[in-house]
Amino acid sequence: MSLEFAVQHPCVLRARYSEKHLREWGRLSSLHAAITTGDRAAPTEDKIKWIQQATREIDRLEKESAVCADCPACLPIDTAGQGEALGCLGRINYPIDAEFEKFIANRVQLVLDTVEPEDWPRLLSILVDPESPFDGEATKELRRVTTKDALRFFEMRVPIKFARAAANLTTDNVFDLLAGFRSEDAAATTYTREFPLSATADYYDFLDLILRNDLSELERERLYSRSRSYQQFLRLLAAFERAEALETRVLVD
């Protein structure tokens, strides 16, 4: 269960395959990698059968995706790139871990407390505005969900509250902000939401400040070792950077 995203660059693969097909390939690649290299449990009979059935399509995917290495939309392989055969795709696996949510809360609060409002990233100003559209309600609903397989969207059952300039906000508002906007062509792409080109620079500035700015090497190493979500949001940050440079959007669902 994951939030999937893609830099929609008009590459040679998109000339031959639909966005839906590429997304299905992305899922196949991620699942195959998880089962063959990331799953420490002994493979069940069902898993072995699935791997055998998927072999032909995996071979085709690997052959076709060889062009990704030279594509300007290709995201860094060392940034949550394991299992992403298609270089412009990424995913944020659920549940979003508590380590990352605490990190986000601390970093946003730090900026609010130490940076002058006129120097805040535009998205942060929008977030704290009383009329902000990011009211946290969508995330609040997701936080309540537990699937029949006992899976959750967030490891933390209760959001973290902010203080002072953002005393009326919680991390639910932040994750609403990071969920993107409704896409008008979801029927064609299968992605229900998007970050339009007009927003990619703002999202890059916000996430770059929160995820990387003035972060010590020790803290970065600690996050890498403790938080899968941190690495995957860094990949989303890279997607915004590529999308802005290529003047395109980031699809998300």
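The values are calculated or read from the model by the stated rules, or taken from the named source; none is laboratory data. Please read all numbers here as calculations on a predicted model, not as lab measurements. Positions of Cβ are backbone-derived with ideal geometry, glycine not excepted, and every protein chain shown enters the neighbour counts. To get the accessible areas, we keep the full protein, side chains included, count just its heavy atoms, and leave off ligands, DNA and RNA. Shrake-Rupley method; radii C 1.70, N 1.55, O 1.52, S 1.80 Å.
Here are the numbers:
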| quantity | calculated |
| --- | --- |
| Theoretical gain in end-to-end length, Arg14 to Glu247 [0.36 nm per residue, Cα-Cα removed] | 82.3 nm |
| Carbon + sulfur, % of accessible area of the chain - ligands and nucleic acids excluded, 1.4 Å | 51 percent |
| Listed residue (Ala165, Leu197, Leu178) projecting farthest to the positive dipole end of the chain, Cβ model | Leu178 |
| Distance in nm between pseudo-label sites at Asp78 and Asp129 (7 Å out along the Cβ direction from Cα) | 3.9 nm |
| Solvent-accessible area per residue for the chain (1.4 angstrom probe, square angstrom) | 53 Å² |
| Virtual spin-label span in nm between Arg122 and Arg226, 7 Å along Cα→Cβ | 3.4 nm |
| For region 120-253: rounded, prolate or oblate by the Cα gyration tensor [a/c cutoff 1.5] | rounded |
| Intensity falloff of region 161-202 expressed as log10 I(q)/I(0), Debye formula with alpha-carbon point scatterers, at q = 0.16, 0.17, 0.29 Å⁻¹ | -0.56, -0.60, -0.95 |
| Cα-centre dipole for the chain with unit charges at Cβ (Lys and Arg positive, Asp and Glu negative), debye to 20 | 980 debye |
| Nonlocal Lys pairs with alpha-carbon distance under 30 Å, the chain (8 or more apart, or different chains) | 15 |
| Convex hull of Cα atoms in region 139-180, direction-averaged projection (nm²) | 3.3 nm² |
| Radius, Kirkwood style, for the chain when every pair of distinct Cα atoms is counted (Å) | 19.3 Å |
| The chain: most fluctuating residue of Ala85, Ala186, Ala243 per GNM, C-alpha cutoff 10 Å | Ala186 |
| Residue of Leu31, Leu151, Leu123 that the Gaussian network model of the chain assigns the largest fluctuation, springs spanning Cα pairs under 10 Å | Leu151 |
| Set of region 7-24 residues, backbone N closer than 17 Å to the point 7 Å along the Cα-Cβ line of Asp149 | 24 |
| Rg over Rh, two decimals, region 80-121 (C-alpha only, Kirkwood Rh) | 1.19 |
| All-pairs Cα distance distribution in region 8-138, expressed in whole percent, bin size 5 Å | 2, 8, 13, 15, 13, 12, 12, 11, 8, 4, 2, 0 |
| Size-normalised alpha-carbon gyration radius of region 81-189, reference 2.2 N^0.38 Å | 1.21 |
| Virtual spin-label span in nm between Asn168 and Leu215, 7 Å along Cα→Cβ | 3.0 nm |
